[in-house]
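Beneath this line is the structure, given in structure tokens, with notes to follow.
The values are calculated or read from the model by the stated rules, or taken from the named source; none is laboratory data. None of the values given here were measured: they were computed from a predicted structure. Don't worry about glycine lacking a Cβ; one is built from the backbone with ideal geometry, like all the others, and counts go over all protein chains shown.
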Amino acid sequence: MFSIRGAAATAILCFALPAIACAESADAWRYQGTIYVYAPSISGKTTFPESAGGSSASIDGEDMLNALEFAFMGAIEARRGSWGALTDFVYLNLGADAAGSRDLALDGEPLPVGAAADLDYDLQGWSWTLAGEYGVIDGARTLDLIAGARVLDIESRLAWAITGDVGSVPVLDREGDRRTTLQNVDAILGCKGRIGFGDDQSWFVPYYLDVGTGESDLTWQAMAGLGYSLEWGDVLVAWRYLDYEMAAGTPIKELTFNGPVVAVSFRW
């Protein structure tokens, strides 16, 4: 079983090895750093535990979270010849309010007819991908195979107030404020690259795909877009989709990040 500390130790080792290898070889390492602006919507199902005699609560809303409060997303890639390593980090702080919603369930049961809930839902957390890569196609069109791990650390909070016909709702459940957390690590396999086009191949289509499992039942991520290459780096716009199907018994059952990306990459 993976652990957060184990993933951190692996990260330190992966980024120490290139420095050692560089000292032993005349081949130069190439680096690329990327800064993203990411504006995803989030959908999924989260269950919050019972507290002080009240019922458990869950929400299952399509694109429930769509208000981006803060996000940071960055990536670094190091490469020598066909071999390399990459890391990608995303931090999100999102929240949404919903008035008169029926997405709330208590002890797995929907709200009674005539009742609705005012919801205040927040999600904070980060996703960290660390992988090695091997280039199988190089040039204007590239293809790299990747293998590594992705860590997910999420905390969510739900506050609610039920309105309308509340007669059949227990008094302790008519208002609530709950929190839950999730940490897991999954092994991933995938590919990434670009397809150049145009007279000088300056335009390109970037793509990325991975799939994995471990503490999640299944996770997969995909990205595709359009970019332009300059002497110092690249600029691109893309769409990024990250999906989790969690293992049974976890508070967050499903989680999907889905939205546009604007990025600038620097090479040195």
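Couple of notes before you dig in:
- Candidate set: segment 127-144, residues that are surrounded by fewer than 17 Cβ atoms within 10 Å (Cβ to Cβ), hydrophobic (A, V, I, L, M, F, W, C) and under 27 Å from the mean Cα position of the chain (by Cα); chosen: the one nearest to PRO40 (Cα to Cα): LEU143
- Residue pairs whose Cβ atoms lie under 9 Å apart, sitting 6 or more positions apart in sequence or on different chains, and linking a residue in segment 196-213 that is closer than 12 Å to SER229 by Cβ to a partner that is of a type in the set (Asp, Glu), are PHE204/ASP234; PRO206/ASP234.
- Whichever residue in segment 145-165 is of a type in the set (Gly, Ala, Ser) and closer than 18 Å to LEU218 by Cα and, among such residues, is surrounded by the fewest Cβ atoms within 10 Å (Cβ to Cβ): ALA147
- Among the residues of segment 105-115, just one is in a strand (DSSP E or B) and either surrounded by 20 or more Cβ atoms within 10 Å (Cβ to Cβ) or touching a helix residue (DSSP H, G or I) at 6+ places or on another chain (Cβ under 8 Å) (or both), namely LEU106.
- Residue count, segment 55-68 (criterion: part of a loop (DSSP other than H, G, I, E, B), buried (at least 16 other Cβ atoms within 10 Å of the Cβ) and modelled with pLDDT under 80): 0
- Of all residue pairs spaced 6 or more apart or on separate chains, those with beta-carbon atoms under 7 Å, a first member in segment 69-91 that is surrounded by fewer than 20 Cβ atoms within 10 Å (Cβ to Cβ) and a second member that is among the polar types (S, T, N, Q) and modelled with pLDDT of 95 or more are GLY74/THR34; ALA75/THR34; ALA75/THR87; ILE76/THR87; THR87/THR129.
- Entry remark, segment 239-257: residues being under 20 Å from GLU155 (Cβ atoms) and assigned to a strand (DSSP E or B) number 11 in total.
- Residue among ARG179, ARG194 that is out of contact with any helix residue (DSSP H, G or I) (no Cβ under 8 Å at 6 or more places or on another chain) and buried (at least 16 other Cβ atoms within 10 Å of the Cβ): ARG194
- Taking the criterion of being in contact (Cβ under 8 Å) with a residue 60 or more places away in the chain and either more than 19 Å from PHE72 (Cβ to Cβ) or over 13 Å from the mean Cα position of the chain (by Cα) (or both), the residues of segment 235-246 that qualify are TYR244, MET246.
- Any hit, segment 168-179, residues being among the hydroxyl-bearing types (Ser, Thr, Tyr), part of a strand (DSSP E or B) and in contact (Cβ under 8 Å) with a residue 24 or more places away in the chain: no
- Subset of segment 170-190 [closer than 19 Å to ALA105 by Cα and among the aliphatic types (A, V, I, L, M)]: VAL171, LEU172
- Extreme residue, nearest to the chain's Cα centre (by Cα), among residues of segment 207-225 that are among the small types (Gly, Ala, Ser) and farther than 15 Å from LEU182 by Cα: ALA222
- GLY193, sole failed condition from (1) of a type outside the set (Phe, Trp, Tyr); (2) in a loop (DSSP other than H, G, I, E, B); (3) in contact with a Ser or Thr (Cβ under 9 Å, 6 or more places away or on another chain); (4) more than 26 Å from LEU94 (Cα to Cα): (2)
- Considering only residues in segment 84-104 that are of a type in the set (D, E, K, R) and assigned to a strand (DSSP E or B), the one that is modelled with the highest pLDDT turns out to be ASP88.
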